1. Among the residues of the stretch 285-296, how many are under 10 Å from ILE271 (Cβ atoms) and touching an Asp or Glu at 6+ places or on another chain (Cβ under 7 Å)?
2. Just wondering, is there one or more residues in the stretch 126-133 that are under 22 Å from TRP379 (Cα atoms), assigned to a helix (DSSP H, G or I) and of a type in the set (Val, Ile, Thr)?
3. Looking at (1) farther than 21 Å from ALA269 by Cβ; (2) without any contact (Cβ under 8 Å) to a residue 12 or more places away in the chain, can you tell me which one ASN300 breaks?
4. I need a count of the residues in the stretch 362-380 that are of a type in the set (S, T, N, Q), without any contact (Cβ under 8 Å) to a residue 60 or more places away in the chain and closer than 15 Å to ILE17 by Cβ.
5. Just the residues that are of a type in the set (D, E, K, R), under 14 Å from ALA257 (Cα atoms) and in a strand (DSSP E or B), please, taken from the stretch 268-318.
6. Out of VAL196, VAL236, report the one residue that is touching a helix residue (DSSP H, G or I) at 6+ places or on another chain (Cβ under 9 Å), modelled with pLDDT of 90 or more and either crowded, with 22+ Cβ neighbours inside 10 Å or not in a helix (DSSP H, G or I) (or both).
7. Looking only at residues that are within 23 Å of ALA333 (Cα to Cα), buried (at least 20 other Cβ atoms within 10 Å of the Cβ) and among the hydrophobic types (A, V, I, L, M, F, W, C) in the stretch 206-233, which one is farthest from the chain's Cα centre (by Cα)?
8. Checking the conditions here, which among PHE111, PHE88, PHE103 is over 24 Å from PHE55 (Cβ atoms), buried (at least 17 other Cβ atoms within 10 Å of the Cβ), in contact (Cβ under 8 Å) with a residue 24 or more places away in the chain and not basic (Lys, Arg)?
Amino acid sequence: MDELSLILSRIQYALTISFHYLFPPMSIGLGLMLVIFEGIYMKNKDPEMKEVCRFWTRVFSLFFAMGVATGFVQLFSFGNNWARFSTFVGDVFGTLLAPEGIFAFFLEASFIGFMLFGWERVSRGVHYLSTCMVVFGAHFSAIWIVMANSWMHTPDGYKIIGSGLSRRAVVVDLWKVYFTPSTLDRIFHVLIGCWVLGGFLVLSVSSYYVLKKRHEVFAKICQKISIIFLAIMLVVQFISADSTARGVYKNQPIKFAALEGIYDTEEYAAISLFGYVDEKNEKVYGLKIPGVLSFLANENFKEPVKGLKELAPNPADRPNVQLVFQSYHIMVATWGMMVLIILWASWLYRKKRLQESKWCLRTCVLAILLPYVGNMTGWMTAELGRQPWIVQGLLRTKEGVTNASVSSQQIMGSLTMFSMMFALLFALFIFLLDKKIQHGPDPVGGVHEEDTDLFTRLETKL
């Protein structure tokens, strides 16, 4: 495959996986919020809480459906554009992704009907069990997928057989394949990112209702729970990020050096608050805090951090440092902004002034963009930082593509088709999501707010 075909294949996969990744993280995060909401309802049996559960179940179903639909595209991409990669990892991925399909997908499929349509047909206990099983299935699915991706970053428990185009990795130690050196850190970090995303959706929509003075009881319940939930999760996310970074330093030192653009091995290695990487002259310009990176890596401010010149003397063995540096710092910046927003909202809530603070409410409405950007740039950091390897140390990205039988014109055609299809799907998704939000939760009495206004007008005329 020529260079243009390789670039187009990478662009196409980036498009398909990025579009798909808009939905499963929200299914996971909003699913956990549903478990919390319905757990509270199981305890207090409050009719208002039941409508909170029913509303968010309807929103969850939309994200869930979009996640399933867009996920199938990845399978065709592996077969058509990345056949060499599929051959190399097939045996390993079979042990990781087969359980995801057999257990996680069937678990979700078995209980999703009860969750969506069983409110008046099954007992509260059965419905709550169904919700928990669907949400557990979504988490279980993510765990297997992250396991497979982690094996690409820190492969273990394998041996290589064959040579040339028939070369492939086979499993020799199943548990080492499941739990590579990076697996647990990455699983927890990904799931926490999903939970934060779900919490911010709840906060965003409920703040919108408060601004519009609609569904105020519903909104206040959701605001309170989401603020408490996010305050906890953002702290946990910081702890997870620290552990993950230390794992990257130990297992992927080239990626770690690229995160901060460290070219020369140096003591008191600095962390950049922001900056620009001059890859030609191998320098970083920006605002730096000396010693922090050394402490992050070694718990010692003076301990040197190895630079790219020592770790990868050949620039061809390094990732695109500018892209890795910027995506990593955007991810960190989004976390900082989310913390500030939650501190602001928490302070106003304690002062009982949140409902009157339009600026804070508007910020909370827009804040849903931050965890999305954080999740996307986090994945970009992880995947771009592994380059030029598609399987770290074993298979380069350019070696993973399909042979010359797939032309650049064919890839461009499919890329154009996918772009148009995704644009239409996204427009439909936004339309349906807006429709659900504008409709809002059903009132406890069974009559919607808009219907109440209509009845009032009719009564006046009569």
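1. 2
2. no
3. (1)
4. 1
5. Residue satisfying the conditions is LYS283 alone.
6. On inspection, the qualifying residue turns out to be VAL196.
7. By that ranking, first place goes to ILE227.
8. Unique residue meeting the criteria: PHE88.
The values are calculated or read from the model by the stated rules, or taken from the named source; none is laboratory data. Worth saying up front: this structure is predicted, and the values here are computed from it rather than measured. Cβ: placed from backbone, ideal geometry, glycine included. Neighbour counts: every protein chain shown.
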